Amino acid sequence: MQDIINQIDKTALPKHIAIIMDGNGRWAKNKGLPRIEGHQKGADVVEEITEAARETGIKYLTLYAFSKENWNRPTDETKALMFLLFDFLQNKKIKMLKNGIRLNAIGDLGQLPEEVLACLNHTIKETSVGKEMVLTLALSYGARDEIIRAIKSVADELALKKISSDHLDETLFSQHLDTHDMPDPDLIIRTSGEMRISNFLLWQGAYSEFIFMKPCWPEFSRELFLQCLIDYQARERRFGMTSEQLD
Ligand code: IPE
Ligand code: IPE
Ligand code: MG
């Protein structure tokens, strides 16, 4: 059977794909397993999808791994998630280096446990030579929180007269967001059948294409990822214009 990757137009790839990796808990519950086993399986899928994105030639992959609101979950679960993150950072560094992947993180990172933050910063630094793909983890991330932090940063520059309000436009504001060094996501995928944004990339997703799909994150796969790319390529992104204008 022909690999589905051959159906993808390599000249029209999305530059940036962001994924809301949802449904670990329900996947586990359906199998009569504890939620944490869903998160463990989910971590394996992170590796598979990172490889698939790298193989396809995607330049930016952003994964929503832990939201600011997720701190409200039971402590057992947040602790287990932090442990899995620590484990991922420690064990995948060599593979990231080998594949030219640069790790990046967005979110209110100061909320992370000290040892996790130290490991994150270490891995970000070590992989900073990566030129093939940027893998961004959204950690303790909330889009409203990010926007407020950006507003504060702009306000500081205004107060110091580094900028004047005449200069404030969308481009300048974007430079104060956690995502200042990456393009907006062309495609946002959410697994598990939920059709909501859950405080993810509210500013940056203004013109993203969305794919909501039924399988839970532990069931997501290279093949489903590639199918998302094929679906994306069949869409027409009009950015407010008419089809005729795009022709
Ligand atoms: C996504 O799976 C992982 C995180 C939010 C950390 P969930 O844990 O939200 O799984 P469901 O949605 O409860 O099934
Ligand atoms: C969104 O999933 C956050 C992540 C995938 C990390 P949630 O499971 O936390 O979202 P809600 O609570 O169902 O909206
Ligand atoms: Mg969920």
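The values are calculated or read from the model by the stated rules, or taken from the named source; none is laboratory data. On a predicted model such as this, the values are computed, not experimentally measured, just so you know. Please note: Cβ atoms are built from the backbone with ideal geometry, for glycine as well, and neighbour counts cover all protein chains shown. Heavy atoms of the whole protein, side chains included, go into the accessibility calculation; ligands, DNA and RNA do not. Shrake-Rupley method; radii C 1.70, N 1.55, O 1.52, S 1.80 Å.
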Inset, instruction - Could you please state how large a percent of the accessible area of the chain is carbon and sulfur, counting protein chains only and using a 1.4 Å probe? - result: 51
Legend entry - Relative contact order [Cα under 8 Å, 6+ residues apart], the range 74-163, whole percent: 33
Legend entry - P(r) weight above 28 Å for the range 1-145, C-alpha pairs, percent: 21
Inset, instruction - Using a 1.4 Å probe and counting only protein heavy atoms, arrange Trp217, Trp71, Trp27 so the residue with the most accessible area comes first. - result: Trp71, Trp27, Trp217
Legend entry - the chain - accessible surface per residue (Å², probe 1.4 Å): 54
Inset, instruction - Report, by chain and number, residues whose modeled amide H sits under 5 Å from the one on Ile211, excluding near sequence neighbours (fewer than 5 apart, same chain). - result: Ile188, Ile189, Arg190
Inset, instruction - Would you mind listing how long the range 71-164 runs along its three principal axes, going by Cα atoms, in whole Å with the largest first? - result: 45, 38, 19
Legend entry - Cα gyration tensor, the range 51-123 - rounded (a/c under 1.5), prolate or oblate: prolate
Inset, instruction - Would you work out the relative contact order for the chain, in percent, from Cα pairs under 8 angstrom that are 6 or more residues apart? - result: 28
Inset, instruction - Before anything else, pin down the relative contact order of the range 1-62: Cα pairs under 8 Å, at least 6 apart, normalised by residue count, whole percent. - result: 45
Legend entry - Where Tyr60, Tyr232, Tyr207, Tyr141 fall by accessible area, highest first, once all protein chains stay in place (1.4 Å): Tyr207, Tyr60, Tyr232, Tyr141
Legend entry - Among the listed pairs Lys10/Lys98; Lys41/Lys98; Lys31/Lys68; Lys31/Lys92, those beyond 26 Å (Cα-Cα): Lys31/Lys68; Lys31/Lys92
Legend entry - Accessible-area ranking of Thr171, Thr123, largest first, probe 1.4 Å: Thr171, Thr123
Legend entry - Longest to shortest principal axis, alpha-carbon extents of the chain, angstrom: 57, 52, 35
Inset, instruction - Can you tell me the alpha carbon radius of gyration of the range 112-201 divided by the globular rule-of-thumb value 2.2 N^0.38 Å? - result: 1.33
Legend entry - Between the range 184-247 and the range 144-173, the Cα center-to-center distance that results, in Å: 29
Inset, instruction - Rank Gly23, Gly142, Gly100 by mean-square fluctuation in a GNM of the chain with C-alpha springs under 10 angstrom and give only the top-ranked residue. - result: Gly100
Legend entry - Alpha-carbon Debye profile of the range 172-247, log10 I(q)/I(0) at 0.13, 0.15, 0.25 Å⁻¹: -0.51, -0.67, -1.20
Legend entry - Estimated FRET transfer efficiency when R0 is 22 angstrom, pair Arg149-Met241 (beta carbons, to 0.05): 0.10
